[in-house]
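Note sheet for the following structure.
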Amino acid sequence: FDESMVPMFPIYSSEGQHGYLEYTRYPEAGDKNPEVKMGFVSPDGGNTTWANFNEKDDQYFGWPMWRSSNNSLWLPWMNRKQDSLIIYEVNTQTGARKPVYTETQKTWIDLEDRVGGRINFLKDGSGYIAQSDKSGWNMLYLYNIDGTLQHAITNGNFTVTGIEYIDEANRTIYFTARGIENSTRTDLYKISFDGGQPQRLTFGNYNHTINFSPGGKYFITTYSNTQTPARMALVDVNGKIVKELGNAKGPDMDAYAIAKTEIIR
């Protein structure tokens, strides 16, 4: 990582009596980017194998992902305009690379990872499930492992907010989304790998935050809305409440004259 050619940028901190300026290297429009190389070396030392990228190119790299089934590394790459994303599979022994996912957009691609992962490898090695907002809405897609698209799993004018659990044995994905029934509410749904209509598993007019059990048989939802303090429940994957676990509403809350808050849509 070489950023010696990147101009310095002043950052003001108000800490202390008088504050102070500190400087960091930050490439603005038209400035040079840092030069970055990706290498592989044994924990015991030895020669470094460099991934086959040209560090002189104007480019960005995202968070790498290990594919444990063949000991390769998948590395997101973006151009300087950030309207083209390519994920390369890099051979850790030779440094050779090949594209396994490609996405272009007219405006800008958000390189940040998605909740549950932008790429989810299937354990049988046949492919992966990807999250992308290339349609204008963050959706789920099923790809072969070589990067060819099989089909979109979800479709519609709503936003997938994250993958919560993947049940490969039953070819089912559990995901959160906004906008299927209500754009101001986050719910948990399940859908087949083959697509179709998502099935809602959460309940009521609440926002739900989900935590799945390791085996995928149950989930805990922490749910609330503008009128209801947070509550917590254990729910099975058919949407049945197994047990209420907690309630943040205090015993004296109803005695207070709290103004009513409403969402206007």
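The values are calculated or read from the model by the stated rules, or taken from the named source; none is laboratory data. Computed from a predicted model, the values in this text were never measured in an experiment. Here the Cβ is made from the backbone with ideal geometry for all residues, glycine too, and neighbour counts use every protein chain on show.
Numbers for the structure displayed
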read-out	value
Condition check for residue 26: over 16 Å from residue 1 (Cα atoms), aromatic (Phe, Trp, Tyr) and over 23 Å from the mean Cα position of the chain (by Cα)	no
Every residue from segment 184-198 that is exposed (fewer than 14 other Cβ atoms within 10 Å of the Cβ) and touching a strand residue (DSSP E or B) at 6+ places or on another chain (Cβ under 9 Å)	184, 194, 197
Selection from segment 163-191 of residues that are part of a strand (DSSP E or B) and of a type in the set (Asp, Glu)	164, 167, 187
Residue 212 vs. criteria in contact (Cβ under 8 Å) with a residue 40 or more places away in the chain, more than 19 Å from the chain's Cα centre (by Cα), more than 30 Å from residue 84 (Cα to Cα) and not assigned by TED's automatic domain parsing to the domain that holds residue 88	no
Residue 237 closer than 30 Å to residue 149 by Cβ, among the hydrophobic types (A, V, I, L, M, F, W, C), touching a residue at least 60 places away in the same chain (Cβ under 8 Å) and buried (at least 17 other Cβ atoms within 10 Å of the Cβ)	yes
First in segment 80-94 and touching a residue at least 24 places away in the same chain (Cβ under 8 Å), second anywhere and in a strand (DSSP E or B) and among the acidic types (Asp, Glu), Cβ under 9 Å, 6 or more apart	84/103; 85/103; 87/103
Test: residue in segment 127-134 that is more than 21 Å from residue 177 (Cα to Cα) and in contact with a Leu (Cβ under 7 Å, 6 or more places away or on another chain)	yes
Selection status of residue 68, exposed (fewer than 14 other Cβ atoms within 10 Å of the Cβ), free of Cβ contacts under 8 Å to residues at least 60 places away in the same chain, more than 18 Å from residue 109 (Cβ to Cβ) and not aromatic (Phe, Trp, Tyr)	yes
Residues located in segment 105-119, provided they are over 21 Å from residue 145 (Cβ atoms) and β-branched (Val, Ile, Thr)	107, 109, 115
